[in-house]
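S.K.: Please find one structure pasted underneath; my questions will follow.
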Amino acid sequence: MPRNQTAKIKPQEDFEAPGLAPQLGEPDHARRLSDKVLAAFNHAYSVGEVEIANQLRAVLERLDNAGPCSPVHQRAVSGAEQADRWMAFVGARNAYTALLDDAGGRKPDELQEALGRMKEAYLRWSQG
């Protein structure tokens with residue numbers, strides 16, 4: 001198409017042709033919303049906005065209880081459970097970094113255990 005020519009938009013009925021919706025799939029607005037809320041929760045909790053994170057977690061619970069979504073878009077765990085896993089990871093990460101900051105009198109085994117807990121928590125969160 002030449003640069004100075006604009007594309008013509010097809011009429012809406014072209015997109016509603018029989019058989020087209022099953023091929024494209026129906027958008028699952030509830031699932032996409034919960035994904036966005038979960039991302040906002042992760043960010044809020046990571047930066048220490050605990051009150052906002054708690055409010056977002058409550059929204060995740062409401063969305064989880066709103067009913068099933070498309071099996072294609074389902075997570076292995078609920079949004080609220082995924083939020084709990086993120087909190088566990090952030091807690092383990094903070095504990096590990098606190099030990100690193102105060103590593104002068106710490107035993108290497110203690111640091112290794114904290115690192116292991118952080119890795120475990122991250123793995124559990126990432127598999128959700």
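S.K.: Got a sec? Which of Lys107, Lys119 is surrounded by 12 or more Cβ atoms within 10 Å (Cβ to Cβ) and free of Cβ contacts under 8 Å to residues at least 12 places away in the same chain? Spell out the reasoning first.
M.R.: On the way: Lys107 fails: surrounded by 12 or more Cβ atoms within 10 Å (Cβ to Cβ).
Testing whether each residue is surrounded by 12 or more Cβ atoms within 10 Å (Cβ to Cβ) and free of Cβ contacts under 8 Å to residues at least 12 places away in the same chain leaves just Lys119.
S.K.: To continue, here is another question. Among the residues of segment 39-51, is there at least one that is modelled with pLDDT under 75, in a loop (DSSP other than H, G, I, E, B) and surrounded by 14 or more Cβ atoms within 10 Å (Cβ to Cβ)?
M.R.: No.
S.K.: Oh, and also: Out of the residues in segment 54-84 meeting the condition of being part of a helix (DSSP H, G or I) and among the basic types (Lys, Arg), tell me which one is modelled with the highest pLDDT.
M.R.: Of everything passing the filter in segment 54-84, Arg57 is modelled with the highest pLDDT.
S.K.: In segment 24-38, which residue that is out of contact with any Cys (no Cβ under 7 Å at 6 or more places or on another chain) and small (Gly, Ala, Ser) is modelled with the highest pLDDT?
M.R.: Checked segment 24-38; the qualifying residue modelled with the highest pLDDT is Ser34.
The values are calculated or read from the model by the stated rules, or taken from the named source; none is laboratory data. Here the structure is a predicted model, which means the values were calculated and not measured. All Cβ positions, even for glycine, are placed from backbone atoms using ideal geometry, and neighbour counts span all protein chains on display.
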